[in-house]
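Undergrad: Have a look at the structure that comes next, please.
The values are calculated or read from the model by the stated rules, or taken from the named source; none is laboratory data. Source: prediction; values computed, not measured. Every residue, glycine among them, receives a Cβ derived from its backbone with ideal geometry; neighbour counts consider all protein chains shown.
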Amino acid sequence: MHFDLTDLRLFVHIAEMQNLTKGAHKACLSPAAASTRLKTLEHQLGSRLFYRDSRGVDLTQAGETLLRHARLILRQVEYVKSEFSANGADTAGHIRIYANTTAVTEFMPEVLGRFLAERPGVTVDLQERLTRDIVRSVVDGSTDLGIVSGPVPEQSLQALHFSTDRLVLVTPQGHPLSQRQKVVFTDVLDYQHISMHEGSTLHAFLLDLSAQHGHALTLRIQMRSFEAMCRMIEAGVGIGILPESAALRHEKTMKLAVIKIDEEWALRERSVLVRDMEALPGCARALVAELMASGSGGSDPAA
């Protein structure tokens, strides 16, 4: 069985766009040429890859299987190109990273700033994703690296611990909870909360946690950054749960109280996820090393 890389790229584009015409355009092919190539691929595999209707296309079960393998094959081709680039094994290439809210907003900008300044030939695509989507994307090869907090249920991945993520309660000064040395989650459920935006990892985690307690979290307002959350908290709009590094930084310039959360889930290990470290291109392995160094000794790289 022979696979044409052009056909695999076309297939992936169509699957991701859920539209043959848009997928063909992204692959720089005419819709007619794309349709012919797709039919040839289906004939070669002996399987139908898409269900087609007036709204677009949806993957069949065989299509889902091929998409998983096609992504891995194409990523590996890119890895080979990076390894043999003229600029050296770890100074050129492209890295895709899916990470949780804290990583994207708190410490990855600093880590990437140092890393990229030393490697002008490297480009990075950093995207915020929910933990379940990060894990799935590393498994199926949609992304090179994943950054998560907490346990990793997928045993097939390599999870490399590099720092500790602590969640704390933040209130305005003078709030009824502000004089407490520590709280548990049930202590905060009756208050209105300032939250990160819908779709953020922390937002989803807290909603799931409150549901486990049989209580709906009362959200007053949702913000796009931890700084914006802290400003709302300082203004007395509500209370919020944030990473300790962000809370302590903003406590220096705002009238806030930071209170320990006495729950096991509040202390979470940060890990970088990979399918196979040895299969990564040199630039991706170098970035993992940078992450590990930034959190050496169990310290928080955002602190």
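For every residue, the table says whether it meets (1) crowded, with 17+ Cβ neighbours inside 10 Å; (2) basic (Lys, Arg); (3) more than 28 Å from LEU74 (Cβ to Cβ).
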| residue | (1), (2), (3) |
| --- | --- |
| ARG96 | yes, yes, no |
| THR131 | yes, no, no |
| VAL135 | yes, no, no |
| PRO172 | yes, no, yes |
| HIS193 | yes, no, yes |
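Undergrad: Answer yes or no as to whether ALA279 is of a type outside the set (Asp, Glu), at pLDDT below 95, within 19 Å of VAL124 (Cα to Cα) and buried (at least 20 other Cβ atoms within 10 Å of the Cβ).
TA: no
Undergrad: Quick check on this structure: which one of ALA211, ALA235, ALA228 is more than 26 Å from GLU269 (Cβ to Cβ) and free of Cβ contacts under 8 Å to residues at least 24 places away in the same chain?
TA: From the options ALA211, ALA235, ALA228, the qualifying one is ALA228.
Undergrad: Which residues, taken from region 252-276, are farther than 20 Å from TYR98 by Cα and surrounded by fewer than 18 Cβ atoms within 10 Å (Cβ to Cβ)?
TA: Scanning region 252-276 gives LYS252, THR253, MET254, LYS255, VAL258, LYS260, ASP262, GLU263, GLU264, TRP265, LEU267.
Undergrad: State all residues of region 180-208 that are among the charged types (D, E, K, R) and not in a helix (DSSP H, G or I); if no residue qualifies, say none.
TA: ARG180, LYS182, ASP190, GLU198
Undergrad: For region 115-175, which fully contained strands (runs of 3 or more DSSP E) count at least 1 residues that are in contact (Cβ under 8 Å) with a residue 40 or more places away in the chain and over 11 Å from the mean Cα position of the chain (by Cα)?
TA: In region 115-175, the matching strands (runs of 3 or more DSSP E) lie at 121-128, 158-172.
Undergrad: Right, next: Restrict the check to region 290-301 and report whether at least one residue is assigned to a loop (DSSP other than H, G, I, E, B) and charged (D, E, K, R).
TA: The answer is yes, given that some residue of region 290-301 is assigned to a loop (DSSP other than H, G, I, E, B) and charged (D, E, K, R).
Undergrad: Can you pull out every residue in region 238-251 that is within 24 Å of ARG268 (Cα to Cα) and either at pLDDT 95 or above or in contact with a strand residue (DSSP E or B) (Cβ under 7 Å, 6 or more places away or on another chain) (or both)?
TA: If the condition is that a residue be within 24 Å of ARG268 (Cα to Cα) and either at pLDDT 95 or above or in contact with a strand residue (DSSP E or B) (Cβ under 7 Å, 6 or more places away or on another chain) (or both), then ILE239, GLY240, ILE241, LEU242, PRO243, GLU244, ALA247, LEU248, HIS250, GLU251 are the ones that fit.
Undergrad: Could you give me the residue pairs with C-beta distances under 9 Å whose first residue belongs to region 11-31 and is within 18 Å of GLN44 (Cβ to Cβ) and in contact (Cβ under 8 Å) with a residue 60 or more places away in the chain, whose second residue is charged (D, E, K, R) and in a helix (DSSP H, G or I) wherever it lies, and which are 6+ apart or on separate chains?
TA: VAL12/ARG71
Undergrad: Also, I was wondering about something else. Consider GLY214 against the criteria (1) of a type in the set (Gly, Ala, Ser); (2) surrounded by fewer than 20 Cβ atoms within 10 Å (Cβ to Cβ); (3) assigned to a helix (DSSP H, G or I): it satisfies all of them except one. Which criterion is unmet?
TA: Result: GLY214 fails condition (3) only.
Conditions tested, residue by residue: (1) within 24 Å of SER137 (Cβ to Cβ); (2) hydrophobic (A, V, I, L, M, F, W, C).
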{"site": "ARG9", "(1), (2)": "yes, no"}
{"site": "VAL12", "(1), (2)": "yes, yes"}
{"site": "PRO31", "(1), (2)": "no, no"}
{"site": "ASP53", "(1), (2)": "no, no"}
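Undergrad: Considering only residues that are among the β-branched types (Val, Ile, Thr) and in contact with a helix residue (DSSP H, G or I) (Cβ under 6 Å, 6 or more places away or on another chain), which ones fall in region 168-190?
TA: Result: VAL168, VAL170.
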